[in-house]
Amino acid sequence: MKASASSRAAYLDGPLESLSTSQTLRQYFELTKPRIELLIIISTAVGYCYGIASHFNVATFINVLMGTALMAAGSATLNQWYERDIDAQMKRTSMRPIPSGAIPATHALVFGLAVSIAGLLQLAFFVNTLAAFLGFLTLAGYLFAYTPLKRLGPICTTVGAFPGAMPPLIGFAAAAGHLTPGAWVLFAILFLWQFPHFHAIAWLYKEQYEQAGIKMLAVVKPNGNGLAAEILLALILLVPATLAPAFLGMAGKMYFVAACILNVGFLYFGLRMSRNRTRQRARSLLLASVLYLPALFAFLVLSDPRLSL
């Protein structure tokens, strides 16, 4: 295993394998982590919708989505460039574009920097200064705090949740030019959601994380007690955070009922995993988290009182 990882790591900066143009483009697309990118775009769009004061500006909306998407793509690429040695050691990441040899590390670095800068400039010139500043904080927090902390200790999850929850703020700032309590409610929802989501992933792959030297909570405290406590705390705090929009006039009764039902379901899967920490229950919690957030945001937007005006 170690020999295999070493041999793979040895050519991370080696020559690009012979790929067709379409295959190469697909590898660069994979560098952007498209599934996470989609969630970021959705979260930014929700933030924009709630930042609108009078009318929907299509040009601003498109620019904030594109700018945020570019910055997210760049940060994902730079993260993989930085962690290419770790990715080469784990089965779940060894076939990513850089460790697999499909894209040389230097090419990925240039691509990540170029896309990140392009996104930042798009937010600065075509949206507004606040959105660009929040985008910069997101990029800096992800790359210079969360990413290196993964090798140092489990605090990385909490630190990483801050940049991870920024997209709604960027969207809100794009529409309003400032932030309100409603914007911070959206931030809180996404911030808390990340704990059960990423702890479930960490529990599923804790052996691989340990082998690669990633000090997630599941690795540092392998009995799972600390992980279970953080999952349950986040799920409990999600209840008032997700119900707050109904009391702030951001959503109506339909959302309130839907949020209650979704929270009960999410909490159920969290409790199951906390009591019996098996891989199957971690996988079920992960699936529940993936379904929970888009559903919650959909009901939130559809229940916006302004839609009935």
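If R0 is 41 Å, what FRET efficiency do you get for residue 237 and residue 23 from their C-beta distance, rounded to 0.05?
With R0 = 41 Å, the Cβ-Cβ based efficiency is 0.40.
So for the stretch 180-309, Kirkwood radius off the Cα pairs, Stokes-Einstein at 25 °C and 0.890 mPa s: how many µm² s⁻¹?
This corresponds to a translational diffusion coefficient of 160 µm²/s.
How are the C-alpha pair distances of the stretch 27-178 spread across 10 Å bins, as whole percents from the shortest bin up?
Reading upward from the zero bin: 12, 40, 32, 13, 2, 0.
Grab the chain and count how many Lys pairs have their alpha-carbon atoms under 21 Å apart, sequence gap of 8 or more, or different chains.
15
Could you give the Stokes-Einstein D for the stretch 29-88 in µm² per second, using the C-alpha Kirkwood radius, 20 °C, 1.002 mPa s?
Answer from the Stokes-Einstein relation: 169 µm²/s.
Ratio of alpha-carbon Rg to the 2.2 N^0.38 Å globular estimate for the stretch 118-242, to two decimals, please.
Expressed relative to 2.2 N^0.38 Å, the Cα Rg reads 1.18.
How far apart, in nm, are two points set 7 Å out from the Cα along the Cα-to-Cβ line at residue 271 and at residue 151?
So the two model labels end up 4.2 nm from each other.
Determine the equivalent ellipsoid of the stretch 133-204 by diagonalising the alpha-carbon gyration tensor, then write out the semi-axes as square roots of 5 times the eigenvalues, largest first, rounded to whole Å. If you can, show how the numbers build up before the last one.
Details: eigenvalues 116, 43, 11 Å².
Largest first, the stretch 133-204 gives 24, 15, 7 Å.
What is the distance in Å between the Cα centres of the stretch 94-110 and the stretch 244-281?
Each part's Cα centre sits 38 Å from the other's.
If I model a spin label at residue 36 and residue 54 as a point 7 Å from the Cα along the Cα→Cβ vector, what separation in nanometres do I get?
Computed distance between label sites residue 36 and residue 54 equals 3.9 nm.
Charges only on Cβ, +1 for Lys and Arg, -1 for Asp and Glu: so what's the dipole of the stretch 180-309 about the Cα centre, in debye to the nearest 20? Each step should come with its number before you reach the end.
On the way: 11 positive and 4 negative charges, 70 e Å.
The calculated dipole for the stretch 180-309 is roughly 340 debye.
Would you compute, for the Cα atoms of the chain, the largest minus smallest coordinate along each principal axis and list the three values in descending order, in whole Å?
Cα extents, longest axis first: 63, 50, 31 Å.
Using R₀ = 41 Å, calculate the FRET efficiency as 1/(1 + (r/R₀)^6) where r is the Cβ-Cβ separation of residue 210 and residue 180; round to 0.05.
Approximately 0.45, to the nearest 0.05.
No value in this document is a laboratory result; all are computed from the given coordinates. Everything numeric in this text was worked out from a predicted model, so none of it was measured. Please note: Cβ atoms are built from the backbone with ideal geometry, for glycine as well, and neighbour counts cover all protein chains shown.
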